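The structure under discussion appears below in the form of structure tokens.
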Amino acid sequence: MIKRILGVVVAAGVAGGVYYAWSGGHFDGLFGKKPAATATARGRGQGPAPVTVASAESRSVPVTIETIGQMQPYATVSVKSRVDGQVMEVFFRDGQTVSKGDPLFRIDPRSFQAKVNEAEANMARDRAQLSNARSDLGRYTQLSKSGYSSQQKYDQARATVEALEAALKANAATLERARLDLGYTRIDAPIEGRVGSVLVDPGNLVKANDGLTLVVINQLKPIYVSFAVPEQHLGEIKARMKAGPVEVEIYAPGKVADRVRGRVVFINNAVDATTGTIQIKAAIANEDEKLISGQFVRVSLVLHEIPNAVVVPIPAVQSGQNGSFVYVIDDRKRATLRNVTVGPQAGDVVVIEKGLAAGETVVTEGQMRLRPNARVATQDDRAGPAVAGGRRGRDGAGEKRRKRERPQS
């Protein structure tokens, strides 16, 4: 008998535990009452899904190519010495901007000045000898005509004059070369640009054309940006260049606000068979010299514009088994799934080529909570009741305070 009673008690305890777990920790349902927390949770599950929405807009959208480019100097000169000698002076600092014709180096000019002096002396000697030889030739010419001198003497005088004239021309060339070498002892900037580090300090000996670079000058105003684009865009780019200048926009990574513009000036004559791309160069004014050689930048090249394109924020477009789709909100606050054809992106928006009209409202956040024909609550709908509820709460609190403050009659 005791075992039977214990079995009944145990069975009742197990049944009660199962019901307690099933009811969410309440025994009220056992007596015909519905748990308040469960009812509230179910009521919330049947409410509208909170979403964020935006309107589809119509605008002109540029179709661009986005790629990585590298800055290249407009011109580069490796400065070398054209004469042998010792470097005496350096007239610039590392990284300085120089103009064309500014002095850079001075090589010891004394030996070259001596050669110029020697050539000038030889020139003076040859002029004097030539003058005397011409006088002799004039005398022998008169004597030969009168019969007082032989033809041989006349021929010798004329040959002497001609030899001295040739020697004078040779000495003139020697003098010109000596003056050039003397001028080469001062090395001037051949272009305007920014110099790099000084590679040869004063006191070092240099030789002409031995491959030793004294300094490198890069012309940075203007400056090139070199980049590659897929070969399928080549025809459209060339067509645009025939119609007018093709502009590009560039900016350094992380500095989108510092965009600068340039123009395409060069298209390579061959496609890179390895990558299937073609090299393009654009010239940038770079007046402030913020861009330097070797720097990597983002390049945006506009191919064409799509007028009156329908655009939506990129997060509005979702991918499904049947392709891309968006959720469209109608006047009844119901979400409708609509398949769309997606076009190119432009910044934070994407072009919808088919399936959507300008002015329609699409969901940009909260798509995972939706199903076709589901009720939604937009950000504006959620803001309105919160404000009204706050006012009602404040009014109710005030009413309670007034009731407490009323005197009892």
Members of segment 179-229 that are under 22 Å from Gly262 (Cβ atoms) and either more than 24 Å from the chain's Cα centre (by Cα) or basic (Lys, Arg) (or both): Ile191, Arg194, Lys221
Output for segment 153-206, where each listed residue is assigned to a helix (DSSP H, G or I), touching a residue at least 60 places away in the same chain (Cβ under 8 Å) and acidic (Asp, Glu): Asp181
Any hit, segment 265-276, residues being within 28 Å of Thr97 (Cβ to Cβ) and assigned to a strand (DSSP E or B): yes
Residue match in segment 240-256 (condition: aromatic (Phe, Trp, Tyr), at pLDDT below 95 and farther than 30 Å from Val83 by Cα): yes
Near pairs, Cβ below 9 angstrom, 6+ apart or cross-chain, from segment 307-320 (at positive phi) to any residue that is assigned to a strand (DSSP E or B): Asn308/Ser58; Asn308/Arg59; Asn308/Ser60
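Looking at Val200, Val195, Val161, Val229 in this structure, which one is touching a helix residue (DSSP H, G or I) at 6+ places or on another chain (Cβ under 6 Å) and β-branched (Val, Ile, Thr)? Spell out how you get there, then give the answer.
Numbers: Val200 fails: touching a helix residue (DSSP H, G or I) at 6+ places or on another chain (Cβ under 6 Å); Val195 fails: touching a helix residue (DSSP H, G or I) at 6+ places or on another chain (Cβ under 6 Å); Val229 fails: touching a helix residue (DSSP H, G or I) at 6+ places or on another chain (Cβ under 6 Å).
Step by step, each of Val200, Val195, Val161, Val229 is checked, and only Val161 is touching a helix residue (DSSP H, G or I) at 6+ places or on another chain (Cβ under 6 Å) and β-branched (Val, Ile, Thr).
The values are calculated or read from the model by the stated rules, or taken from the named source; none is laboratory data. In this text, all values refer to a predicted model and were calculated from it rather than measured experimentally. Backbone-built Cβ (ideal geometry, glycine too); neighbour counts: all protein chains shown.
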